[in-house]
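First the structure, in the form of structure tokens, and then the observations on it.
Read-outs: derived from the displayed coordinates by stated rules, not from any lab. Because the structure is a prediction, the values reported are computed rather than measured. In this analysis, Cβ positions are derived from the backbone assuming ideal geometry, glycine residues included, and neighbour counts consider all displayed protein chains.
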Amino acid sequence: MGKKSSKRNMKQAESTRRIKKKTSVLDSEKIEYVDWKDVDLLRRFMSDRAKIRARRVNGNNSQQQRAVANAIKNAREMALLPYTSRVTTQRGGKDRRGRGDRGDRRPRDDNRDDSRRDDNRDKRPVDDASPATENVETPETESSVEEVSQ
């Protein structure tokens with residue numbers, strides 16, 4: 001029974017442990033009003049992908065966070081801040097040659113593929129009576145031919 005009570009005491013000690021609260025930038029710089037035109041201040045509350053950071057990350061209270069969010073939204077609407085920022089990173093970091101099953105294949109021979117395509121063209125049947133290849137005369141041309149021959 002002594003073990004159970006010690007576990008319970010540990011849980012109580014963990015729950016009573018105080019986590020240091022972050023201090024808000026607005027409090028530390030004594031800013032009372034968050035202006036949507038102050039882009040440098042608003043960028044401090046945004047991530048590198050232009051997302052609004054959470055309260056627990058900023059250390060803002062709920063009123064400050066609401067004011068910051070509204071200011072950022074207004075600045076975005078006025079095109080002072082971006083809605084998104086594209087971050088390009090290369091995936092994997094490995095060389096393309098190290099791609100599993102492709103490493104054991106032979107390199108593709110383009111000349112061989114072209115010759116195979118030419119062979120297939122020769123084997124296709126050619127239809128001489130197709131309407132696209134027939135020389136179709138219109139009634140206007142027939143009458144003009146008759147007039148020339150007379």
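The table that follows gives values for the structure above.
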quantity: Count of residues meeting criterion [part of a loop (DSSP other than H, G, I, E, B) and surrounded by fewer than 18 Cβ atoms within 10 Å (Cβ to Cβ)] in segment 24-69; calculated: 18
quantity: In segment 13-65, the residues that are among the aliphatic types (A, V, I, L, M) and within 20 Å of residue 83 (Cβ to Cβ); calculated: 34, 39, 41, 42, 46, 50, 52, 54, 57
